[in-house]
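Below: the structure, in structure tokens.
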Amino acid sequence: MKRRVPPIGDLWRFLAPTFRVRREPWARVVTTEDLRRRAQRRTPRSVFDYVEGAAERELSVRRAVAAFERVILHPRVLRDVTGVDTTTTILGRQAALPIVFAPTGFTRMMHAAGEPAVARGAARAGIPYTLSTLGTTSIERLAEEAPDTDRWFQLYVSKDRDHVRELVSRAQAAGYRTLVLTVDVAVAGARHRDTHNGLTIPPTLTPRTLVGMLRKPRWLFDALTTEPVSFESLGAAGDVMGLINRVFDAGVTFEDVEWLRSEWSGPLVVKGIQRVDDALDAVAAGADGIAVSNHGGRQLDRAVTPLELLPAVVDAIADRAEVYLDGGVRSGADVAAADALGARAGFVGRPYLYALMAGGERGVDHLTSLLQNDYVRTLRLLGVSGTADLTSDLVELR
Ligand SMILES: Cc1cc2nc3c(=O)[nH]c(=O)nc-3n(C[C@H](O)[C@H](O)[C@H](O)COP(=O)(O)O)c2cc1C
């Protein structure tokens, strides 16, 4: 057999070497996993582990992410998907995407730019942002620094109900639109990574933590040249688990949901629902929204996987409240799957913290553009031209 060897130039396109000083720094960051890796390179281990970690054996968090691998999509073809409308309404207000940034405590520990950077990123992406009770930016300062954001406030109910009332009225006065009551923290979960790492908030300088921080000079420089991390809304600091057990009340019940309903005039979301009967009771107590959530696996390990519980809760609640999926969302395709299974929106936690650690406010913008592109592409390939057309026949959990 005679072979004809084509000139190599026909097969390969050689790129002349370029000697630009710097490549476009975000061009190869195309997934949440890329952001996660970059975050890990830039933050001290104890800080990264605080974000990444979960309770006990960390089974819940792994299952929450893995549940999205069980999603089977049934795309339609030969539909005109030239234009895609990604918008939706969340509690009566239009959002550009069916995504809510979930509350996370201690955000300025991950990156000095902290909550304002994430909240401004949310505003640019047209989605709500939730400030945690354990935020490191006060209720009022966040409102000043992120005036255009659809700001939600997440509440933990402590034993001191007067203090709770004060937090709620501060949030109302500062223009927060939605109150999110987190109900899965009767006591602190056992986060073994933090114990092993000797993590305190704010981070303390033991010889071991100091070595970890010296390895991440950019993070350390930011931390040393900006205001110290503190719980700005609560005005307290110390060891996290001790704080949680001191400040939070193991005696909170559905009556407190009713009480908050009477204190708060805007929409009320109950976050941390893990059973259908509790979802029904929360709606009966006045919730406008239910976040099916196990706190990103950080509380009770082996608690039910949010994506798996979602359809049953959606079925039971019908149109009486909105239902959100919280836990394991890592891409726009995951958001589309959760929506098709009945969620009004997907809450996103760790991914925006990875983005923040990876590159501050610029990182958050990069994440939202990834989520947006991913969501649009998924809808088009599914043969639907808008969020409103994401129906349950498009998706199956196997
Ligand atoms: C570092 C970190 C801090 C968190 N702090 C809070 C908090 O203060 N209040 C709260 O309701 N949930 C908190 N959560 C849980 C998130 O709101 C959300 O439920 C969880 O991150 C969703 O899972 P995902 O990380 O897989 O998106 C925190 C999660 C992380 C990772």
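The values are calculated or read from the model by the stated rules, or taken from the named source; none is laboratory data. Bear in mind that the values here come from a model prediction, so they are computed numbers and not experimental data. In this analysis, Cβ positions are derived from the backbone assuming ideal geometry, glycine residues included, and neighbour counts consider all displayed protein chains. These accessible areas exclude ligands, DNA and RNA; they are computed on the full protein's heavy atoms, side chains included. Shrake-Rupley method; radii C 1.70, N 1.55, O 1.52, S 1.80 Å.
Computed values, structure above
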{"quantity": "Cα centre as origin, Lys/Arg/Asp/Glu Cβ charges: region 118-210 dipole, Debye", "calculated": "220"}
{"quantity": "Listed residues His196, His74, His295 arranged by accessible area, highest first, probe 1.4 Å", "calculated": "His196, His74, His295"}
{"quantity": "For Ser385, solvent-accessible area (1.4 Å; no DNA, RNA or ligand), Å²", "calculated": "50"}
{"quantity": "Mean-position separation - Cα centroids, region 349-382 and region 134-197, in angstrom", "calculated": "24"}
{"quantity": "Scaled radius of gyration (Cα, divided by 2.2 N^0.38 Å) that region 305-398 gives", "calculated": "1.13"}
{"quantity": "Computed [θ] at 222 nm, helices only, for the chain once each DSSP H run of length n ≥ 4 contributes -39500 (n - 2.57)", "calculated": "-12500 deg cm²/dmol"}
{"quantity": "With all protein chains modelled, accessible area of Lys159 [1.4 Å, Å²]", "calculated": "130"}
{"quantity": "Cβ charges +1 (Lys, Arg) and -1 (Asp, Glu), total dipole of region 329-398, debye", "calculated": "160"}
{"quantity": "Separation in nanometres of the label points that stand 7 Å from Cα toward Cβ, at Phe221 and Thr195", "calculated": "3.8"}
{"quantity": "Exposure of Glu33 as accessible area (Å², to 10), given a probe of 1.4 Å and all protein chains", "calculated": "80"}
{"quantity": "Per-peptide average of other Cβ atoms within 10 Å, ordering 374-382, 310-318 highest first", "calculated": "374-382, 310-318"}
{"quantity": "Accessible surface, 1.4 Å probe, highest first, among residues Glu69, Glu58", "calculated": "Glu69, Glu58"}
{"quantity": "Cα-based radius of gyration of the chain once divided by 2.2 N^0.38 Å, which approximates compact folds", "calculated": "1.04"}
{"quantity": "Student exercise, region 26-67 dipole from Lys, Arg, Asp, Glu Cβ charges, in Debye to nearest 20", "calculated": "200"}
{"quantity": "Which of Phe68, Phe106, Phe221 is most accessible, then next, and so on - probe 1.4 Å", "calculated": "Phe221, Phe68, Phe106"}
{"quantity": "Dipole-positive endmost among Gly360, Gly297, Val348 within region 271-368 (Cβ charges, Cα centre)", "calculated": "Gly360"}
{"quantity": "Fully extended contour minus Cα-Cα distance, from Arg261 to Arg170, at 0.36 nm per residue", "calculated": "31.2 nm"}
{"quantity": "Principal axis box of region 96-159, alpha-carbon based, largest edge first, Å", "calculated": "37, 24, 20"}
